[in-house]
Amino acid sequence: MTMMAKIKETVVFLQKQGVENVDFGLILGSGLGELADEISNPVVIDYADIPNWGKSTVAGHAGKLVYGTLSGKKVLALQGRFHFYEGNPLDVVTFPVRVMAELDATGIVVTNAAGGVTHGPGTLMLINDHINFTGQNPLIGENLAAYGPRFPDMSSAYDKAYQATAKLVAARAGIDLQEGVYMGFTGPTYETPAEIRFAETIGADAVGMSTVPEVIIAVHSGLRVLGISAITNHAAGKQAELNHEEVVEVTTRIKETFKTLIKEILEEL
Ligand code: HPA
């Protein structure tokens, strides 16, 4: 089946489940999926039931699609995303974004847990740009001209107006929102200290294993993007050792603030 046929098949399936107009897609990273529990009148669909959909394998990722109203907006939320390091091809990783675009979403809110290069654990960071260091690009292959151009312009991948709104909302709510550049690696290893020195030299503020492919597809499809990283640890070489338990623990600590921030931003988008 062609990519276009798959997208259409999935959209028809979701519409049959009650998914109608979508204002925003939400991609909720590790430990941040709880936000979807606050969606009112939810339609909850197991990933396993959705045609052409990937499988979520990481602990802390529920593997459910939740549609409904949040902060007065119609949202389609991914409780658990697909990662390249799980062995998913990038067209599977980014398929949900294609579906969000096909459902006429205006924009997406992408979130992740990330290691801090210039920011410390517990920080919420507004992503103002990214560095694709994965060596991959989800648009390699035939261009789907019906969705977007062969050579998408990444000059303003992270929407400037959304960034301004996020900063205003954070200031108003008394939430400390830092900003910076997210550098995407494939994982699943954490980076080496030398890689982090390199990352810092070339202008990265945070590092992680997701987000970049989804944002590329969003830009290609004309979706506006807001990105927020929850910094869960100092990146490699800046603290004694790294482990997933700390990532989960710090995410748990900041998720209430994170949820408040996203809800307040959504209200203003
Ligand atoms: N590196 C990459 N991904 C991450 C990190 C990190 O230090 N922390 C949380 N996700």
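The values are calculated or read from the model by the stated rules, or taken from the named source; none is laboratory data. Only a predicted model underlies this, so the values are computations on that prediction, with no experimental measurement involved. Neighbour counts are summed over all protein chains in view; Cβ atoms, including those assigned to glycine, are modelled from backbone coordinates with ideal geometry. Accessible surface is based on the protein model in full, side chains and every heavy atom, while ligands, DNA and RNA are left aside. Shrake-Rupley method; radii C 1.70, N 1.55, O 1.52, S 1.80 Å.
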If I filter segment 111-129 for residues that are open to solvent by 40 Å² or more (accessible area, probe 1.4 Å), outside any loop (DSSP other than H, G, I, E, B) and either in contact with a Gly (Cβ under 7 Å, 6 or more places away or on another chain) or within 16 Å of the ligand (Cβ to nearest atom) (or both), do I get at least one hit?
yes
Of the residues that sit in segment 69-83 and are modelled with pLDDT of 95 or more and open to solvent by 10 Å² or more (accessible area, probe 1.4 Å), which one is nearest to I39 (Cα to Cα)?
T69
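Can we say G203 is open to solvent by less than 40 Å² (accessible area, probe 1.4 Å), touching a helix residue (DSSP H, G or I) at 6+ places or on another chain (Cβ under 6 Å) and in contact (Cβ under 8 Å) with a residue 12 or more places away in the chain?
It is false that G203 is open to solvent by less than 40 Å² (accessible area, probe 1.4 Å), touching a helix residue (DSSP H, G or I) at 6+ places or on another chain (Cβ under 6 Å) and in contact (Cβ under 8 Å) with a residue 12 or more places away in the chain.
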Within segment 221-269, residues being more than 16 Å from the chain's Cα centre (by Cα), charged (D, E, K, R) and either crowded, with 17+ Cβ neighbours inside 10 Å or closer than 23 Å to E191 by Cα (or both) number 6
Test for G187: is it more than 10 Å from the ligand (Cβ to nearest atom) and either open to solvent by less than 30 Å² (accessible area, probe 1.4 Å) or not in a helix (DSSP H, G or I) (or both):
no
Within segment 84-110, residues charged (D, E, K, R) and either assigned to a loop (DSSP other than H, G, I, E, B) or modelled with pLDDT of 95 or more (or both) come out as D91, R98, E102, D104
Wholly enclosed helices (runs of 4 or more DSSP H) of segment 190-269 bearing at least 1 residues away from the ligand (no atom under 11 Å from the Cβ) and over 26 Å from P138 (Cβ atoms):
193-201, 244-268
